[in-house]
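Step one of this worksheet: look at the structure below.
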Amino acid sequence: MNEIVVLSGKGGTGKTSITASLAVLAGREAIIADCDVDAANMHLLLQPDFGRRIDFFSGELAVINPDLCTACGKCAAICRFNAISILDNQYHISPLDCEGCGYCARICHPVAISMRQRKSGSLFISKIRTGSSMVHARLDIGAENSGKLVARVKNEAKSIAASENKRYILVDGSPGIGCPVVSSLAGANYVILVTEPSQSGLNDLRRVFAVISKFRIKAGCIINKSDLNKGIASGIRVFLKEMGIDHLADIPYDNSFTRSMIEGRTIAEIQSPLKDTIEVVWTRVQGLLNSNAEI
Amino acid sequence: MIESSPLRIAIASGKGGTGKTFLATNLARLMSQYHKTLLVDLDVEEPNDHVFIHGTLESSLPQYKMIPEWNEAKCTHCGICSSSCAYHAVIQLGTYVAVFKELCHSCHACSELCPAQALPMQPHEIGVTNIMIAENLTFIESQLQVGEEQAVPLIHRTHTLIRENELHDFPIHIYDCPPGTSCPVVAAVRPADFVLLVTEPTPFGLNDLQLAVDTLIKLDKPMGVVINRCDIGNNEVEAYCNRMQIPVISKIPYNRQVAVLYSNGELVNGRVHSATVAFGQIASYIRDNI
């Protein structure tokens, strides 16, 4: 089983549209995981049936029982997250600020503070029209721990892939370089980077690649909107060569991305000049993974 | 207007790549022609405002989060630290105490509950904040060190730095926020008086705008929407804004010249008519309505 993670560093480079197209090309051979749990979009293209929903709990939340509280103020004094404040002689805990460390509950002598499990999102295991399954999630508003939800999404996808003997897990990651990205990289065999030829795109590509190199995972790159800035596009190609990143494809600016979104389908399923390019990418990635396996 | 306390405008989006940095840098440059303006790049994982705003570096401050450091000589192996850490960042293994700094939330519980004072809190570098001067604009950028996973402590540190230094004297603050809707965004928009949401008129743009709006409603933040590349998709974003009674402050048409200037790291204000009109609209909305 091979795990392919699609990342970009910078947002809005076309990561999700490309992942969804690869999902269609992979068909029944791949389990799909949408690990961009902060702002999940792949369901808009693959229309999963939201078949099974699992509540996701992560960490805890402190709650004050006003009947037991003596308003001594010790909790507010030790809280490093400024989550506890006093209003009309009554202490309150702001759920958005509480990080669930439990320090206040531990030192509250009248035992007025207790820790409760915190629901931070929902996980879905769905059927999609490719005949395969997709694992996706939604983080609750302002919730924390998206890294943990990412790990959970991936683990569900892995166990389905193992039990159904799938060849691939295809993961749509999130932008940035922080905990959700690191979490989506754990166990990956190959990373597809989707970038664009802008100063910001290249900047972010460098930073996300620095994270990938720490995990020693092989990577390839697609330059989307490649005709936007020829100078920077060739700068990116030089960077790819220097770093030993496979240059998978150049995709010129094209409205297929927007059109496919509006139709609720992937680029692989609409009339688009980009179809062939994406098919070539998928063939290449499969080839690279198989040759890696032989080594 | 705006005499005593600054007007803090956060620029957020939900979806990445919709034009937060584009709007933040151009708007900051425009507003700095009329008011002393502070631009703060809080997209600490992938900061890019520096690509567009070039200033002279005033100071470069390493930023830290506090983490416990085990003092073996003092430790009595009582296990209180290990049992008091909600994040499994402090773990006692026999007579050894391991601290996993990337898991630590700096709550200080282990350190202050340790009866032997064997876990003093020590600063651990997580990134850097650069303060730059670019004409009438002061520009602050915080950058998370590659390998660090938590953006939130650095965002908090940056806000604290602004509060505690003379920087709050600037009448206009513009915060360029990270994408998404989870904890880093909440931390970034928290002190803002008004949030400008940048989106695009596509199903992805709409979906992520709705998530961002839900978050801001929960935070009780007033907001307005800017629709970037307003002619590329459909009308559903605008219909949603009307339904939710969120003002659409400006619509910026797609323009290849804008995309090219942006890709080269250049500001477009004053160079592309349609975008210049839009930035003017946004600036006057801020002056007149907020």
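Assorted remarks:
- Yes/no for B:S111 being surrounded by fewer than 18 Cβ atoms within 10 Å (Cβ to Cβ), in contact with a Cys (Cβ under 9 Å, 6 or more places away or on another chain), within 14 Å of another protein chain (Cβ to nearest Cβ) and more than 30 Å from A:L205 (Cβ to Cβ): no
- Filtered residues of the stretch B:172-190 (kept if under 20 Å from B:K65 (Cβ atoms) and within 11 Å of chain A (Cβ to nearest Cβ)): B:P178, B:S182, B:C183, B:P184, B:V185, B:V186, B:A187, B:R190
- Restricting the stretch A:42-93 to residues that are surrounded by 14 or more Cβ atoms within 10 Å (Cβ to Cβ) and hydroxyl-bearing (S, T, Y), the residue that is nearest to the other protein chains (Cβ to nearest Cβ): A:S58
- Cβ-Cβ under 6 Å pairs, at least 6 apart or on other chains, the stretch A:267-286 side outside the structural domain of A:Y253 (by TED's automatic domain parsing) and touching a residue at least 12 places away in the same chain (Cβ under 8 Å), far side assigned to a helix (DSSP H, G or I) and not hydroxyl-bearing (S, T, Y): none
- Considering residues of the stretch A:94-119 that are charged (D, E, K, R) and assigned to a strand (DSSP E or B) only, the residue nearest to the other protein chains (Cβ to nearest Cβ): A:R118
Per-residue answers, yes or no, for (1) touching a Pro at 6+ places or on another chain (Cβ under 7 Å); (2) under 28 Å from A:E263 (Cα atoms); (3) buried (at least 24 other Cβ atoms within 10 Å of the Cβ):
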{"position": "B:F194", "(1), (2), (3)": "yes, no, no"}
{"position": "B:G205", "(1), (2), (3)": "no, yes, yes"}
{"position": "B:V213", "(1), (2), (3)": "no, yes, no"}
{"position": "B:I227", "(1), (2), (3)": "yes, yes, yes"}
{"position": "B:N234", "(1), (2), (3)": "yes, yes, no"}
{"position": "B:A239", "(1), (2), (3)": "no, yes, no"}
{"position": "B:M244", "(1), (2), (3)": "no, yes, no"}
{"position": "B:P247", "(1), (2), (3)": "no, yes, no"}
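- When B:S142, B:S84, B:S59 are checked against the criterion of being in contact (Cβ under 8 Å) with a residue 24 or more places away in the chain, of a type in the set (S, T, N, Q) and not assigned by TED's automatic domain parsing to the domain that holds B:V186, B:S84 stands alone in meeting it.
- Residue in the stretch A:207-215 that is basic (K, R), over 30 Å from B:L267 (Cβ atoms) and more than 12 Å from every other protein chain (Cβ to nearest Cβ) present: no
- Enumeration of residues in the stretch A:134-153 that are more than 12 Å from chain B (Cβ to nearest Cβ) and either surrounded by 24 or more Cβ atoms within 10 Å (Cβ to Cβ) or under 24 Å from B:A12 (Cα atoms) (or both): A:M134, A:V135, A:H136, A:V153
- Candidate set from the stretch A:257-276 (those that are hydroxyl-bearing (S, T, Y) and within 23 Å of the chain's Cα centre (by Cα)); member that is nearest to A:T16 (Cα to Cα): A:T266
- Single match in B:A28, B:A24 (criterion: away from chain A (no Cβ under 14 Å) and over 21 Å from B:P153 (Cα atoms)): B:A28
- You will find that of B:T276, B:T202, the residue that is in contact with a Gly (Cβ under 9 Å, 6 or more places away or on another chain), closer than 25 Å to B:E45 by Cβ and either assigned by TED's automatic domain parsing to the domain that holds B:S142 or not aromatic (F, W, Y) (or both) is B:T202 and no other.
- B:C85 being over 26 Å from B:Y175 (Cβ atoms), of a type outside the set (S, T, N, Q), crowded, with 16+ Cβ neighbours inside 10 Å and within 12 Å of another protein chain (Cβ to nearest Cβ): yes
- Restricting the stretch B:11-21 to residues that are crowded, with 24+ Cβ neighbours inside 10 Å and outside any helix (DSSP H, G or I), the residue that is farthest from the other protein chains (Cβ to nearest Cβ): B:I11
- Flag if A:V171 is touching a helix residue (DSSP H, G or I) at 6+ places or on another chain (Cβ under 8 Å), modelled with pLDDT of 95 or more, under 28 Å from B:A187 (Cα atoms) and among the hydrophobic types (A, V, I, L, M, F, W, C): yes
- Residue in the stretch A:10-22 that is among the β-branched types (V, I, T), buried (at least 17 other Cβ atoms within 10 Å of the Cβ) and within 12 Å of chain B (Cβ to nearest Cβ) present: yes
- B:Y34 being at pLDDT below 95 and either closer than 30 Å to B:P253 by Cβ or assigned to a helix (DSSP H, G or I) (or both): yes
- Checked against (1) more than 13 Å from chain A (Cβ to nearest Cβ); (2) modelled with pLDDT of 95 or more; (3) more than 18 Å from the chain's Cα centre (by Cα), B:D169 passes all but condition (2).
- Any hit, the stretch B:252-259, residues being within 20 Å of B:A278 (Cβ to Cβ) and facing chain A (nearest Cβ under 9 Å): yes
Okay, residues lined up against (1) at pLDDT below 95; (2) within 30 Å of B:P201 (Cα to Cα):
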position	(1), (2)
B:S5	yes, no
B:R29	no, yes
B:I53	no, yes
B:I67	no, no
B:C75	no, no
B:C85	no, no
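- Among the residues of the stretch B:142-166, the ones that are over 27 Å from A:G100 (Cα atoms) and within 12 Å of chain A (Cβ to nearest Cβ) come to 0 in all.
The values are calculated or read from the model by the stated rules, or taken from the named source; none is laboratory data. In this text the structure is predicted, and so the values were computed from the model without any measurement. All Cβ positions, even for glycine, are placed from backbone atoms using ideal geometry, and neighbour counts span all protein chains on display.
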